[in-house]
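The structure appears below as structure tokens.
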Amino acid sequence: MTKYESLVEKNNKVICNTYGRYPVDVTKAKGSRLWDLAGREYIDLLSGISVANLGHCRDDLADVMAEQARKLVQVSNLFYQAEQVECAEKLLATCGADKVFFSNSGAEANEAAIKLARRYMRTVKERDAYEIITLEGSFHGRTLATLTATGQTGPIKDGFGPLPEGFSYVPVNDIEALTSAVSGKTAAIMIEMVQGEGGINPLDHDYVDGIIALAKEKDILLIVDEIQSGLCRTGKWWAHQHYGITPDIFTSAKALANGLPMGAMLATDKAAKGFTPGSHATTFGGGALVSKVSSKVLDIMTENKLDERAAELGAFFMGEANKMKDKYPGKINSVRGLGLMLGVELGFDGSEVFTKLREKGFILNLTKGTILRLLPALTIDKQDLVVFLDALDSLLAKMD
Ligand SMILES: Cc1ncc(COP(=O)(O)O)c(C=O)c1O
């Protein structure tokens, strides 16, 4: 039995059976490289699903972690902590929000956003408005409320009922459908600017303008889920900045501490009034260790202008992938993305190409059966993208 086979056997005995895993074990990571137990090297184009935006296992972050771990890790939110305040200040400097609530994951950040929108309507606006309208194809998390907010059906939701009330769904980029869905019970519209799990779909600019006008007219809140799209990934700090908007509430997680669990809900002063002491809390959120690491992450992103780097590399990748689309008519349906949030939609079932790419040593994701999804580190060498594009080209050349 190989080390890999032995690990899989033990895993299946002790770990809940919730994941369809890749047939790969990972024992070590550095930058945009992963290694398995047998010593095989992979080019990582997924970054732990948009988490290691700065690359894996950096010495500068390891130093901050080690130093802070000897000073203060976590004491709960009963106490003021300078590390948390410093991190919030740095985060707020990147956007138009005024206040932060720190959580431990994306789903919890979205839970906080949904709770804040509802409580803002009840306590500030004194309206019995609680409904959250989300988009079909969206993904917002796996807790009961965020799972319900997720605009998908099927196994993701089956067997978990009763699901919380107060959520409805509308098709993407259809302002009329959204306008008809808004009622006196609506508290907020919740969107991803670029649907990630939904297959890398950036929203139309006209549609977003329509949402802003509608939210203003009906006096309802706009929540933007930036958990996958945020933190320089799309070529700006936040994907909503491509649309020139300031959401009332938006959420972040994933890359916030480059791999340590951390999430954040950010709100304008207006919306943040919905929370008062005791209305929402977490034991771990914004602890000193994760906050210190996150502050360093934000510094590195700023100092290295990783928003601009993501825009440049993303434009390069999309240009090359579009050339391949023209070269192989029918084999690539579309190339979609913003910055380094990239999707190549194949014109046929993608399982074979996806498997072959992994066998050649490339780690990426296959979404919706046909979309190759890439979320590489923003620090990735351009040459790694070139090598991947060459590998994809030679595979497509051989496909009938
Ligand atoms: C857009 C979006 N929202 C929410 C989540 C949930 O985040 P987490 O898995 O940290 O709870 C994800 C995770 O993939 C996501 O991509």
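The values are calculated or read from the model by the stated rules, or taken from the named source; none is laboratory data. Please read all numbers here as calculations on a predicted model, not as lab measurements. Note: ideal-geometry Cβ built from the backbone for every residue, glycine included; neighbour counts use all protein chains shown.
Residues that are among the small types (Gly, Ala, Ser) and farther than 27 Å from LYS236 by Cβ were ranked within the stretch 333-357; the one that is surrounded by the fewest Cβ atoms within 10 Å (Cβ to Cβ) is SER351. Restricting ILE371, ILE363, ILE380 to those that are touching an Asp or Glu at 6+ places or on another chain (Cβ under 8 Å) and under 19 Å from SER32 (Cα atoms) reduces the list to ILE363.
Can you confirm whether ASP299 is within 24 Å of GLN68 (Cα to Cα) and either part of a loop (DSSP other than H, G, I, E, B) or more than 12 Å from the ligand (Cβ to nearest atom) (or both)? For ASP299, the condition - within 24 Å of GLN68 (Cα to Cα) and either part of a loop (DSSP other than H, G, I, E, B) or more than 12 Å from the ligand (Cβ to nearest atom) (or both) - is met. Here the strands (runs of 3 or more DSSP E) wholly within the stretch 307-400 that include at least 2 residues being of a type in the set (S, T, N, Q) are 332-338, 365-367. Scanning the stretch 184-205 for residues that are in a strand (DSSP E or B) and within 15 Å of the chain's Cα centre (by Cα) yields MET190, ILE191, VAL194, GLN195, ASN201, PRO202.
Per this entry, GLY159 is not counted among residues that are over 26 Å from GLN241 (Cβ atoms), touching a Phe, Trp or Tyr at 6+ places or on another chain (Cβ under 6 Å) and away from the ligand (no atom under 16 Å from the Cβ). Of LYS292, LYS273, LYS327, all but one fail to be touching a Phe, Trp or Tyr at 6+ places or on another chain (Cβ under 7 Å) and not hydrophobic (A, V, I, L, M, F, W, C); the exception is LYS273. Within the stretch 89-106, if we keep just the residues that are within 13 Å of the ligand (Cβ to nearest atom) and among the small types (Gly, Ala, Ser), the residue that is nearest to the chain's Cα centre (by Cα) turns out to be GLY106.
Every condition in (1) within 15 Å of the ligand (Cβ to nearest atom); (2) buried (at least 22 other Cβ atoms within 10 Å of the Cβ); (3) without any contact (Cβ under 8 Å) to a residue 60 or more places away in the chain holds for ALA109 except the one numbered (3).
Tell me, please, whether a residue that is of a type in the set (Lys, Arg) and away from the ligand (no atom under 12 Å from the Cβ) can be found in the stretch 236-250. Let's see the steps before the verdict.
Start the filter on the stretch 236-250 by keeping residues that are of a type in the set (Lys, Arg), which leaves 236.
After this cut, where a residue has to be away from the ligand (no atom under 12 Å from the Cβ) as well, the list is 236.
Yes, that holds for at least one residue.
Within the set LEU54, LEU72, LEU78, the sole residue that is more than 16 Å from the ligand (Cβ to nearest atom) and under 20 Å from ILE300 (Cα atoms) turns out to be LEU54.
Here GLY96 meets each of (1) within 23 Å of GLY199 (Cα to Cα); (2) surrounded by fewer than 20 Cβ atoms within 10 Å (Cβ to Cβ) with one exception, condition (1).
Scanning the stretch 308-343 for residues that are free of Cβ contacts under 8 Å to residues at least 24 places away in the same chain and at positive phi returns a single hit, GLY330. Taking the stretch 1-38 as the range and being modelled with pLDDT of 95 or more, assigned to a loop (DSSP other than H, G, I, E, B) and not hydroxyl-bearing (Ser, Thr, Tyr) as the test, the residues that pass are ILE15, CYS16, ASN17, ARG21, PRO23, VAL24, ASP25, VAL26, ASP36. In the stretch 127-147 there is at least one residue that is within 15 Å of the ligand (Cβ to nearest atom) and of a type in the set (Lys, Arg).
Which of the residues that make up the stretch 253-303 are of a type in the set (Asp, Glu) and under 21 Å from HIS56 (Cβ atoms)? Within the stretch 253-303, ASP299, GLU303 qualify. Residues in the stretch 112-144 that are surrounded by 23 or more Cβ atoms within 10 Å (Cβ to Cβ), closer than 15 Å to LYS185 by Cβ and not hydrophobic (A, V, I, L, M, F, W, C): TYR120, THR134. Residues that are among the aliphatic types (A, V, I, L, M), farther than 21 Å from PRO277 by Cβ and in contact with a Lys or Arg (Cβ under 9 Å, 6 or more places away or on another chain) number at least 2 in the following helices (runs of 4 or more DSSP H) confined to the stretch 57-128: 59-69.
Looking across the stretch 236-271, the residues that are touching a Leu at 6+ places or on another chain (Cβ under 8 Å) and surrounded by fewer than 20 Cβ atoms within 10 Å (Cβ to Cβ) come down to ILE245, LEU260. The residues listed here are THR179, THR153; of these, the one that is among the hydroxyl-bearing types (Ser, Thr, Tyr) and in a loop (DSSP other than H, G, I, E, B) is THR153.
Taking the stretch 45-56 as the range and being assigned to a loop (DSSP other than H, G, I, E, B) and within 18 Å of GLY263 (Cα to Cα) as the test, the residues that pass are VAL51, ALA52, ASN53, LEU54. Consider the stretch 221-235 and keep the residues that are over 8 Å from the mean Cα position of the chain (by Cα) and in a loop (DSSP other than H, G, I, E, B). The one that is nearest to the ligand (Cβ to nearest atom) is ARG233.
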